[in-house]
Amino acid sequence: ADFLVAAMDESDARRRDAVEIRKASERAASLTQQLMVFGRRMPMRPTAVNLNEVVTSLGDMLRSVLGESVQLSTQLDPAPGGIRVDRGHLEQALLNLALNAKDAMPAGGVLTITTRPLTVTDPIASGAGSEVAPGEYELVEVSDTGHGMDESTRARIFEPFFTTRAGSRNSGLGLSVVYGMVTQNNGHVWVTSTPGSGSRFTLCFPRVAMPVAAVSTPREAIPAGHESVLVVEDERAVRQLVHRALAQAGYRVTMAGDAAEAIEILAGPDRVRVLVSDLVLPGMSGTELAAEAARHQPGIAVVLMSGHAGPRRDDDVVLVKPFAPAELIRRVREAIDGREGGMTG
């Protein structure tokens, strides 16, 4: 989809379809990553994010999830601050809360998402609870007009496998996943609800400064190169896509389907400036291959492609799958520029 978007003019009607395919792919990738996080196979990737932008970007997906009987309303802070979280975690938490709200409104209703700042001086007086330390926070609140909860239900709402819908296919994991994701990102979550008056879930995160965005076009943001790159990946489709992205950026690319083939190339007369390898390879890990590469070609830079958490050296650049071509190119450039000394090639 990225290749299609890059090849089409803004005026091409088909470009919008390619953009939507890319967005759907990114959402699917995000969901898969959250499942892997839940199974403790994916490292967290916290970054500074704008709450308003996250809520706005989720709008179409949330409307699709809620259906026609539930109206989505947003009340966004006109001057939002930043928070530091794993964006995928936050998106999944909001999606889970929307699904929970929909179940609480079987006859329809209104789901309202609000963003606002909170200054905590007295945690109890602010309603945040004693576990929230004094400081500056950003809140995102998800409120519904559903049937609400009594005190005994509210006390157990974040327990794994707890559900009030007997006989349904609901696993009872939705809100416990929300709790886990929020707390893993140094946040807090609480709920206020009374029977017949709906529920309001509040996610609270410490405020951080947002980085100043660079003003540049997508093409200007992608650094080109000319160096020699060895790509080692046992999946043919991935290998070819990586080759295409790097070759279009000007790199001289050689490919290998396994570690043994890669070592043959590394032991040969041609110099390799950077090794781009899958972390998991048949018979040898990417980390082991990187060590072997350094023995044959001192100073070689390394980029490890990883679909899950795994052992790696401190000085290796790690690219988490799935990734866009632009991210691959930036990481390769980062690995080359960050390697002190070494070869030229």
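In the range 223-278, the portion of solvent-accessible area held by carbon and sulfur atoms comes to 49 percent [1.4 Å probe, whole percent, DNA, RNA and ligands not counted]. The modelled label-to-label distance between E159 and A13, using points 7 Å beyond Cα along the C-beta direction, is 5.7 nm. For the range 241-291, the solvent-accessible area of protein heavy atoms averages 46 Å² per residue (probe radius 1.4 Å; ligands and nucleic acids excluded).
Placing a pseudo-label 7 Å from each Cα along the Cα-to-Cβ vector at E131 and T74 gives an inter-label distance of 2.8 nm.
Here the range 186-205 and the range 223-286 have alpha carbon centers that stand 49 Å from each other. Using the Cβ-Cβ distance between V208 and R236 with R0 set to 41 Å, the FRET efficiency from 1/(1 + (r/R0)^6) comes to roughly 0.45. Largest first, the three principal axis extents of the alpha carbons in the range 223-299 are 30, 27, 18 Å in whole numbers.
If the segment from D258 to H296 were pulled out straight at 0.36 nm per residue, it would be longer than the present Cα-Cα gap by 12.0 nm.
The values are calculated or read from the model by the stated rules, or taken from the named source; none is laboratory data. None of these values were measured; they are calculated from a predicted model. A quick note on method: Cβ atoms are made from the backbone with ideal geometry, for glycine too, and the neighbour counts reach across all protein chains shown. Side chains are part of the model used for accessible areas, which takes the heavy atoms of the whole protein and leaves out ligands, DNA and RNA. Shrake-Rupley method; radii C 1.70, N 1.55, O 1.52, S 1.80 Å.
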